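Below: the structure, in structure tokens.
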């Protein structure tokens, strides 16, 4: 009889989260050092944007990748055009699906990548940006772009207007396929303030979700563009966006003119720095009111067994059934046997739980979890999570 093939895990933790490894991390955690001030001794044209975060980076040569997505006509091209031609002083490499006339970029040198012209063209712009056009594989584009590492500090990846950012985000977060020093920095979704309500109302096949919902659900920042066209409707538009993704930051813009600090080097996927505890506290009890994409938050007192939490996440992210989908999760756990908060971040089937700051004497030690997805049921989520608590 043939041996049974070993099945992959239900959900994929991207770092160890067992009690033993967490205990070791608590014991071996390195102290935080103050800035040496060496950045002050040099004039670096990127310091206005990236300098303040340089001292916090685990690796000096890590390259952040920001995804820009958005529904057709929202203004993605306008935002990319602003970044490519504005004299902001930051060195940004932009990966486009193709060069368009509206970007005002002249086609330049052709780079025949390994195995074919996957990267069609590279253009170096006067403001320090590097621009490339991709035929097929953005992974190979990034690998080739990293060969020019000395020319840029950050990578911007523009997706198509009908793209679901989830699969791309998962690949970039884990980085197994890239095998290079890159990190997913954040997902930026450009939203047309005048047309978003109609776009969200667009019908799809039974059981499917339209891309406008998905792009907001996965976003860390929504650039709410064309706000000058609907000044009296902004409150309603923002409420609808937050109903889908209660944790997203909303930035207003006209013709996508904005401060790049609002969208670049946000470190949204650094779990120990990205989970806003105060925001989680305010969202306790938040719930969706229809069977569509929305945000649910749950809260439970008591210490959680981390191994049971792993099992719970596996079931939630993989076995909930085709009618229920989880896109993103963030949370704070009170872990049994630990004096530190433990922070959760999840994208699709991938998740990470890491120890963070110590609980303070005045803190109420609770577990708070925010789930963004489709057809979520708060009571069911809370009941299933309570099985993870130590009795």
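With a/c under 1.5 counting as rounded, go ahead and sort segment 296-391 into rounded, prolate or oblate using the C-alpha gyration tensor (a ≥ b ≥ c being the square roots of the eigenvalues; past the cut-off, prolate if a/b is larger than b/c, else oblate).
Working: a/c = 1.91, a/b = 1.74, b/c = 1.10.
It comes out prolate by the Cα gyration axes.
Plugging the Kirkwood radius over Cα pairs into Stokes-Einstein for segment 181-250, at a temperature of 20 °C and a viscosity of 1.002 mPa s, what D comes out in µm²/s? Intermediate results must be reported in sequence, preceding the final value.
Working: Rh = 12.8 Å.
Rounded, D is 167 µm²/s.
Readers should treat all values here as calculations from the given coordinates under stated rules, not as data from a laboratory. The structure displayed is predicted, hence computed values, not measured ones.
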